[in-house]
Protein chains: 4
Amino acid sequence: MSVRFGLLGAGRIGKVHAKAIGGNPDATLVAVADAVAAAAGDIAKTYDCAMRTIEEIETASDIDAVVICTPTDTHADLIERFARAGKAVFCEKPIDLDVARVRACMQVVNETGGTLMVGFNRRFDPHFMAVRSAIDAGRVGDVEMVQITSRDPGAPPVDYIKRSGGIFRDMTIHDFDMARYLLGEEPVTVAATASVLVDPAIGEAGDYDSATVTLTTASGRHCLISNSRRATYGYDQRIEVHGSKGMVAAENQREVDIEIANADGFTRPPLLDFFMTRYTVAYANEIAAFIANIKAGTKASPSGADGLAALILADAALQSIAEGRTIRLD
Amino acid sequence: MSVRFGLLGAGRIGKVHAKAIGGNPDATLVAVADAVAAAAGDIAKTYDCAMRTIEEIETASDIDAVVICTPTDTHADLIERFARAGKAVFCEKPIDLDVARVRACMQVVNETGGTLMVGFNRRFDPHFMAVRSAIDAGRVGDVEMVQITSRDPGAPPVDYIKRSGGIFRDMTIHDFDMARYLLGEEPVTVAATASVLVDPAIGEAGDYDSATVTLTTASGRHCLISNSRRATYGYDQRIEVHGSKGMVAAENQREVDIEIANADGFTRPPLLDFFMTRYTVAYANEIAAFIANIKAGTKASPSGADGLAALILADAALQSIAEGRTIRLD
Amino acid sequence: MSVRFGLLGAGRIGKVHAKAIGGNPDATLVAVADAVAAAAGDIAKTYDCAMRTIEEIETASDIDAVVICTPTDTHADLIERFARAGKAVFCEKPIDLDVARVRACMQVVNETGGTLMVGFNRRFDPHFMAVRSAIDAGRVGDVEMVQITSRDPGAPPVDYIKRSGGIFRDMTIHDFDMARYLLGEEPVTVAATASVLVDPAIGEAGDYDSATVTLTTASGRHCLISNSRRATYGYDQRIEVHGSKGMVAAENQREVDIEIANADGFTRPPLLDFFMTRYTVAYANEIAAFIANIKAGTKASPSGADGLAALILADAALQSIAEGRTIRLD
Amino acid sequence: MSVRFGLLGAGRIGKVHAKAIGGNPDATLVAVADAVAAAAGDIAKTYDCAMRTIEEIETASDIDAVVICTPTDTHADLIERFARAGKAVFCEKPIDLDVARVRACMQVVNETGGTLMVGFNRRFDPHFMAVRSAIDAGRVGDVEMVQITSRDPGAPPVDYIKRSGGIFRDMTIHDFDMARYLLGEEPVTVAATASVLVDPAIGEAGDYDSATVTLTTASGRHCLISNSRRATYGYDQRIEVHGSKGMVAAENQREVDIEIANADGFTRPPLLDFFMTRYTVAYANEIAAFIANIKAGTKASPSGADGLAALILADAALQSIAEGRTIRLD
């Protein structure tokens, strides 16, 4: 039995999920909704699905699940509406930029007993999954230190920055989730540092473009996160986990693995420089996991609670900078 | 306008091509034929296409092109039939194990003016394509030495070996084609050495499991091919091109790029160990190129002539071993 | 003209320097002093030099320079004595564990106008020097983020820990110096986190075995330092510098660069696991630089001021942990 | 008891051995002889040894062993003279370019019962020794295929080429020895191919600059050797051994292990580009092994017989090219 999907939002990330649904033998894309008719039309044509309004999808009897890819400020409302409508809900991160609003939204979801999965796609990257598997298999012993290096190829437009909630809620939030995924314990302290090194306009917009965060857990495990909105050599996405018995690391990804040698040295190409190409497989795996949860009647993961936990860490990072101190969460 | 396909043969490699056609927005899989109804049925169901006989596909007006994935001894006959029927033909390598038969088949194709593409999938591997692009861009200067290391994870069943035409026509033939693709000149000498090191049963079947071939071109360029039917660490597929200005090399591929370090050292996982997973992208690119040729009305490449050239090199390798000397082709 | 050396302390690190002096064509080891006669005798025999008391070396007319390798609590006194005696002084780090004592010692050295070089050997490692050269050559643009990963193969005896001044003054101090060497600006903030994960006895001794430090400079550059007293795979010594134009990284070192591949994967050997083998070349370069400075009549670097600056960072790290806040140095 | 050395020949390689002897605690360089007084004088001054004639060294009672670094055409005579004089003899490769002359020389050495070690320095490279150790430890199972890639950074002067005996006796001879060192069986067939791709003047001198050789042993093991007199990226010295249980490979060597990443990609420096820097440790190990043999009263290895075996393979390679066939040695 195929899971029947409605897609809310036909923008860049909507297209990614449409492709993942279209390529999944256990799913059917039934309808797409977008205020921009041309965008919805593109997807409708490519995947042979209907164009509907959000209201039509909400009340449709031929839709089991929705994927929410609309602007961030609509996420919480849509989650609530579709949870109440009895649809399984997948929502792109973040649920909301405000912790209280997220809590209220989760309350509604919980009351409906519905499924909410939050789009932390990196948990489904095969390389990072292999890191987690190595930990689970005891290959590194007890986790002691997680190092996450995450650098974007370039900064987004300042207009985007202004609406994004800032680097910690927009960019680092993925790393906070990854830290929780790998540390094996909840972070209890957050210490952050941030600068404007890439573009003064980002600073003028009240945000940072370079950040360092240190988390610790109750038993003393550390996580270091290093972020930059700039990396000339591509999308730098590395993870390293050091433990009592060893270390496991996931390497960066390239489009092709060749090396050219000459008098200047031995050169491999730059990294994949776009999140959609870097995480193509992760996005497909993510939707597949959501579908599998729906079919099995189990709760999806990462859940709304995971989205909340990452947001709380982001807020703590901002507070740490503002107050010049380590923030305790417990 | 979509290219409408008939698939002849629904076995392992047939499934690979069905998937490539199914995932290509410019193609439609219209029908599949296979003596084994269950195999054809699987594909028919997955891709929502018809099950037909070969004769039905031959005379169908809704089929533009066929992909031949039947046993080797049927290839040349089917190529001729479908070329005469006006279909564009893609055929898995080899066209035939006999050079005279291949020549006769190509004669028929030429008379019909039709398109014949031969399945040397490795030309469409992104990593090897990048090697070729680096050469074309002058990054290594004049090509001097091509080194191809190609080792299978394990030997095929002896039954298969007996029908395969032997290691040079079955396995090395890919490397002969790659040599021609990269050398920039036709090989004019062939010197081969072969042994039975992996499995005595292969020797008893009259074949070898370990082989070394050296090719040279008219201007003195070298190509070294190293083959084994055994590699404990996966499917070893490496290419290195050395030239007057530098070197370019394509590295092996893994499912995940992680490294685990402990007291035993730093360990990365074994290689992808199956040709279908190693060359997934290559197979999709190959069919896409075939489709693009059909749509543009241009001749496909690699062509029947490329299939013939590789077979002639394979025969020369066997002759070199039999006579203990270097064979000149010019 | 050969620089004539007296060696104070014939222990483990004394032997390292004796070898560096013995192998340097511009230097002669004239005498060695050690309370343990057997240790001094070993060096005297190997390098054909005299055994003398510290007093005899202090007043010797045939000694131009001394290398101080005695216990830490004797360093400052010996530096003062030998600076007053007109000898060029090389002293192993640290000058002292107390900032006030270091300042007083430097005052004496400054009054004598003598040369004092502090043993931050890592500045002379060829790989790290190449990182610095790449920065100086503009290869990474403006430095934005320095990441230093420094993990010992195993913890020292708790007795040593107790006398060491703690992880920040004993181990991280090298990383503080490296940060200053690479950042291109002085650190102005220090935020540190530390745990006991390796050995409870270290905690009982009042120290930590796992630490993370974040430094920032006035213009907002970051440095992350990650330390552990444990690494099962050898002596982990990595540096990475990220800047506006790119990144440069120095890799770990092995005794032999081989890789073994089998069904378990591709394995390279563990790292060099001893600071003396990892930094053999660095130690020789360090003494060579000291000698070159003496011959040229120039001031040695890293100087006493560098030793002091690193110690101040170590103290700030401890204060950061104690007070749960970021410490400002300016 | 220190082994007392006489050095015959104070040229480039003579200096390498002088340094190895000078740095070895079990050896003393007593005297050096060279027709060019200035060259001998340099060594005499640096290592504080006497300048003597060859005759004086031959009859000296204070000399236990000699290292022959004179021009190739003097090697066999000097070996015979010094073997008869009762000195242990280390001779740079080759003993002679003529097999008959080598046999005669070995006959003399055998009659004297003396020790003759031939300078195949690569057997003492730590990385290649680790490859051999991995084989000996059973890590790759039964050896099946040895691949040796050996490329010089640039061609020697044509004058040198003319006196060198040609690429197989001058350059490939090291690879022939390495093949024998690693194959575990004697080669019984030799098939060679060679071209002039680098410099026509080398062809005019009757030699080649690019060569490929395939060796096989009685049980069917293969060895592929790839040679070029040109490599823009440094001195390319790689070895790979494939066996029934796995593969082991030795990687190329650099002066520093850094990597710079920017929009052009990830670049590591070119390789060490001079045999003396690439094999510094190997030369020291080689002399140390010779000294250890002398002190233990055991035969040195590689011996004159090893030198002869490699020369026979070189001659067979030339014959293979001349006759266009595989040469059998058994």
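The values are calculated or read from the model by the stated rules, or taken from the named source; none is laboratory data. Bear in mind the structure is a predicted one, so any value in this text is a computation, not a measurement. Cβ placement follows ideal geometry from the backbone for every residue including glycine, while neighbour counts extend to all protein chains displayed.
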Going by what's in this entry, would residue B:259 be described as without any contact (Cβ under 8 Å) to a residue 24 or more places away in the chain, within 12 Å of chain A (Cβ to nearest Cβ), farther than 28 Å from residue D:210 by Cβ and not in a loop (DSSP other than H, G, I, E, B)? yes
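Quick grid of which residues meet (1) more than 28 Å from residue D:270 (Cβ to Cβ); (2) in the same structural domain as residue B:176 (by TED's automatic domain parsing); (3) touching a residue at least 60 places away in the same chain (Cβ under 8 Å); (4) surrounded by fewer than 18 Cβ atoms within 10 Å (Cβ to Cβ):
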{"position": "B:200", "(1), (2), (3), (4)": "yes, yes, no, yes"}
{"position": "B:236", "(1), (2), (3), (4)": "no, yes, yes, no"}
{"position": "B:241", "(1), (2), (3), (4)": "no, yes, yes, no"}
{"position": "B:266", "(1), (2), (3), (4)": "no, yes, no, no"}
Among the residues of the stretch B:25-58, which ones are more than 24 Å from the chain's Cα centre (by Cα), within 14 Å of another protein chain (Cβ to nearest Cβ) and of a type in the set (Val, Ile, Thr)? B:46
Which of (1) away from chain C (no Cβ under 14 Å); (2) touching a helix residue (DSSP H, G or I) at 6+ places or on another chain (Cβ under 6 Å) does residue A:163 not meet, given it meets every other one? (2)
Residues (outside any loop (DSSP other than H, G, I, E, B) and either in contact with a helix residue (DSSP H, G or I) (Cβ under 8 Å, 6 or more places away or on another chain) or within 7 Å of another protein chain (Cβ to nearest Cβ) (or both)) located in the stretch D:229-256: D:237, D:239, D:241, D:242, D:243, D:247, D:248, D:249, D:250
Which condition breaks for residue D:33 when tested against (1) closer than 20 Å to residue D:300 by Cβ; (2) crowded, with 19+ Cβ neighbours inside 10 Å? (1)
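For (1) aliphatic (A, V, I, L, M); (2) in a loop (DSSP other than H, G, I, E, B); (3) surrounded by fewer than 24 Cβ atoms within 10 Å (Cβ to Cβ), each residue gets a yes or a no:
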position	(1), (2), (3)
A:130	yes, no, yes
A:138	no, yes, yes
A:149	no, no, yes
A:154	no, yes, yes
A:162	no, no, yes
A:182	yes, no, yes
A:189	no, no, yes
A:213	yes, no, no
A:227	no, no, no
Restricting attention to the stretch A:286-324, which residues are crowded, with 17+ Cβ neighbours inside 10 Å and either among the charged types (D, E, K, R) or at positive phi (or both)? A:286, A:306, A:315
Restricting to the stretch D:126-140, and then to whatever is among the small types (Gly, Ala, Ser) and within 7 Å of another protein chain (Cβ to nearest Cβ), can you tell me which residue is farthest from residue C:261 (Cα to Cα)? D:130
Which of the residues that make up the stretch A:191-211 are within 14 Å of residue A:161 (Cβ to Cβ), outside any loop (DSSP other than H, G, I, E, B) and either facing chain C (nearest Cβ under 10 Å) or among the basic types (Lys, Arg) (or both)? A:194, A:203, A:210, A:211
Kindly provide the set of residues from the stretch B:109-126 that are assigned to a loop (DSSP other than H, G, I, E, B) and not acidic (Asp, Glu), ordered by number. B:113, B:114, B:115, B:120
Residues B:89, B:99, B:118, B:158: which one is closer than 21 Å to residue B:11 by Cα, more than 14 Å from chain A (Cβ to nearest Cβ) and surrounded by fewer than 20 Cβ atoms within 10 Å (Cβ to Cβ)? B:158
Looking at residue A:53, is it more than 28 Å from residue A:282 (Cβ to Cβ) and either exposed (fewer than 15 other Cβ atoms within 10 Å of the Cβ) or in the same structural domain as residue A:20 (by TED's automatic domain parsing) (or both)? yes
Between B:83, B:38, which is surrounded by fewer than 24 Cβ atoms within 10 Å (Cβ to Cβ), in a helix (DSSP H, G or I) and of a type in the set (A, V, I, L, M, F, W, C)? B:38
Can you pull out every residue in the stretch D:301-330 that is of a type in the set (D, E, K, R) and either at pLDDT 95 or above or closer than 8 Å to residue D:190 by Cα (or both)? D:306, D:315, D:323, D:325, D:328
Identify all residues within the stretch D:311-326 that are farther than 12 Å from residue D:215 by Cα, in a helix (DSSP H, G or I) and of a type outside the set (Val, Ile, Thr); write none if there are none. D:311, D:315, D:318, D:319, D:322, D:323
Test: residue D:169 is more than 21 Å from residue D:321 (Cβ to Cβ), touching a Leu at 6+ places or on another chain (Cβ under 7 Å), in the same structural domain as residue D:237 (by TED's automatic domain parsing) and not polar (S, T, N, Q): no
Unmet requirement for residue C:198, which otherwise passes all of (1) out of contact with any Asp or Glu (no Cβ under 7 Å at 6 or more places or on another chain); (2) under 30 Å from residue A:141 (Cα atoms): (1)
May I ask you to verify whether residue D:278 is within 29 Å of residue D:19 (Cβ to Cβ) and either free of Cβ contacts under 8 Å to residues at least 60 places away in the same chain or within 8 Å of chain B (Cβ to nearest Cβ) (or both)? yes
Somewhere in the stretch C:120-133, is a residue at pLDDT below 95 and in contact with a strand residue (DSSP E or B) (Cβ under 8 Å, 6 or more places away or on another chain)? no
Does the stretch A:61-80 hold any residues that are aliphatic (A, V, I, L, M) and either surrounded by fewer than 18 Cβ atoms within 10 Å (Cβ to Cβ) or in a helix (DSSP H, G or I) (or both), and which are they? A:76, A:78, A:79
